[in-house]
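The values are calculated or read from the model by the stated rules, or taken from the named source; none is laboratory data. Keep in mind the model is a prediction, meaning the values are calculated, not measured. Cβ placement follows ideal geometry from the backbone for every residue including glycine, while neighbour counts extend to all protein chains displayed.
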Amino acid sequence: TTQDLLGAQEIRELADMLGIRPTKTLGQNFVIDPNTIRRIIATAKISPDETVVEVGPGLGSLTLGILDAAKDMVAVEIDPPLAEQLPATIAKMRPGSEARIDVVLSDAMKVTELPRTPSALVANLPYNVAVPVLLHMFAQFPSIEHALVMVQDEVADRLAAKPGSKIYGVPSVKANWFAEVSKAGVIGTNVFWPAPKIKSGLVAFERRAQLLSDLPRQEIFAIIDAAFAQRRKTLRAALSTWAGSGARAGSLLEAAGIDPQLRGEKLDIHDFIKIAEAARTVPA
Ligand code: SAM
């Protein structure tokens, strides 16, 4: 049928035809299992009226699934041969659908404009840059209301971690600035070519209906970075450089109602916002 997805044989044939050897530096692990694609698409909850942005379409495994579920889409790919091949793959596998997809040859981390306005992000992200790409997309494209991404399983856990847990950190808090985050499944290694060493995880994001604060995001993110740069230090110590002095860090934390002896890993995004707000009122 025309709704066929790409399996192991098709992926290898495409790679051979293009003379492609998947590269680690670009995080190229291609999904060769149609059932995994169906599972990602079902978990992504794409409605038929949506415009989806996919980062890193690769040879098009997930792209075809997205195209079947969405109104239209944009695919942002950094690797020229892959970006160039994709329209031909779409034309062959989904004749008549070519106009529903734009392929953008670009580094997703640097992309500032897209030819369509996406309401969702669905991607099997390149592992080495998964978190910065994800945060960039949420920051750059406020139209993205929800997302479903596949990342390394431990990164998935970290993104969805709650305050107080060992793996809670910068990605968890920053992702929480943009969205409600939840882990949405684990994917084994054998559904990829080449097979990665570690399992993958699915993470779902629902963008917050309202910004949590009117302060510039950068002000809040700078505090998050400082608090976790030295995880083992108390907040008072960790924030002293950022605040100008340990004494000011202490008074800012007190003004925010936060115990200066705590460590950053105990604070949620709302606490970091309180600190940023206090910094606006407590003189340097
Ligand atoms: N979506 C395909 C799949 O599931 O089979 C490929 C996923 S593969 C894990 C990651 C893809 O992201 C590769 O196609 C790679 O070339 C691309 N990529 C890597 N870094 C990128 C970047 N900074 N911007 C856009 N695409 C990137």
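Would you say THR63 is in a helix (DSSP H, G or I), polar (S, T, N, Q), within 13 Å of the ligand (Cβ to nearest atom) and within 17 Å of the chain's Cα centre (by Cα)? I'd like the intermediate steps shown before the answer.
Values: in a helix (DSSP H, G or I): yes; polar (S, T, N, Q): yes; within 13 Å of the ligand (Cβ to nearest atom): yes; within 17 Å of the chain's Cα centre (by Cα): yes.
Taking the combined requirement at face value, the residue satisfies it.
Within the range 75-99, track down each residue that is more than 13 Å from the ligand (Cβ to nearest atom), assigned to a helix (DSSP H, G or I) and small (Gly, Ala, Ser). It would help to see each step written out before you state the result.
Of the residues in the range 75-99, the ones more than 13 Å from the ligand (Cβ to nearest atom) are 87-88, 90-99.
Among the residues that remain, those that are also assigned to a helix (DSSP H, G or I) are: 87-88, 90-93, 98-99.
Once the filter is applied, which keeps residues that are more than 13 Å from the ligand (Cβ to nearest atom), assigned to a helix (DSSP H, G or I) and small (Gly, Ala, Ser), the range 75-99 yields ALA88, ALA91, ALA99.
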Filter result for the condition that a residue is in a helix (DSSP H, G or I), over 16 Å from LYS199 (Cα atoms) and either modelled with pLDDT of 95 or more or not polar (S, T, N, Q) (or both), over ARG39, ARG12: ARG12
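State the number of residues belonging to the range 228-283 that are assigned to a helix (DSSP H, G or I), more than 21 Å from ASP214 (Cα to Cα) and over 30 Å from the mean Cα position of the chain (by Cα).
So the first thing to find is which residues in the range 228-283 are assigned to a helix (DSSP H, G or I), and the list is 228-229, 235-238, 240-243, 246-255, 264-266, 269-281.
Among the residues that remain, those that are also more than 21 Å from ASP214 (Cα to Cα) are: 228-229, 235-238, 240-241, 246-251, 254, 264-266.
Narrowing further to those that are over 30 Å from the mean Cα position of the chain (by Cα): 236-237, 240, 246-251, 254.
Final tally of qualifying residues: 10.
Given the criteria within 13 Å of the ligand (Cβ to nearest atom), among the hydrophobic types (A, V, I, L, M, F, W, C), crowded, with 17+ Cβ neighbours inside 10 Å and in contact (Cβ under 8 Å) with a residue 24 or more places away in the chain, does LEU134 qualify?
On the way: within 13 Å of the ligand (Cβ to nearest atom): yes; among the hydrophobic types (A, V, I, L, M, F, W, C): yes; crowded, with 17+ Cβ neighbours inside 10 Å: yes; in contact (Cβ under 8 Å) with a residue 24 or more places away in the chain: yes.
Here the answer is yes, as LEU134 does meet what is asked.
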The range 167-183, residues that are of a type outside the set (Asp, Glu) and either in contact with an Asp or Glu (Cβ under 6 Å, 6 or more places away or on another chain) or modelled with pLDDT under 95 (or both): ILE167, TYR168, ALA179
Any chance PRO57 is at pLDDT 95 or above and buried (at least 19 other Cβ atoms within 10 Å of the Cβ): yes
Members of the range 186-204 found to be touching a residue at least 40 places away in the same chain (Cβ under 8 Å), within 24 Å of SER172 (Cα to Cα) and part of a strand (DSSP E or B), listed by number: ILE187, SER200, GLY201, LEU202, VAL203, ALA204
Evaluation of VAL181 against (1) surrounded by 16 or more Cβ atoms within 10 Å (Cβ to Cβ); (2) outside any strand (DSSP E or B) (one fails), failing number: (2)
Matching residues, the range 44-58, being near the ligand (Cβ under 6 Å from one of its atoms) and outside any strand (DSSP E or B): GLY56, PRO57, GLY58
Selection from the range 93-113 of residues that are charged (D, E, K, R) and either touching a helix residue (DSSP H, G or I) at 6+ places or on another chain (Cβ under 7 Å) or within 16 Å of GLY58 (Cα to Cα) (or both): ARG94, GLU98, ARG100, ASP102, ASP107
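From TYR168, TYR127, grab the single residue that is away from the ligand (no atom under 13 Å from the Cβ), hydroxyl-bearing (Ser, Thr, Tyr), farther than 22 Å from ASP49 by Cβ and buried (at least 16 other Cβ atoms within 10 Å of the Cβ). Before you say what the answer is, go through the steps one by one.
On the way: TYR127 fails: away from the ligand (no atom under 13 Å from the Cβ).
None of the other options fit; the residue is TYR168.
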Residue in the range 90-98 that is within 26 Å of GLN218 (Cβ to Cβ) and hydrophobic (A, V, I, L, M, F, W, C) present: no
Test for LEU6: is it touching a Pro at 6+ places or on another chain (Cβ under 8 Å), within 12 Å of the ligand (Cβ to nearest atom) and assigned to a helix (DSSP H, G or I): no
Considering residues of the range 105-124 that are closer than 22 Å to LEU18 by Cβ and surrounded by fewer than 18 Cβ atoms within 10 Å (Cβ to Cβ) only, the residue nearest to the ligand (Cβ to nearest atom): ASP107
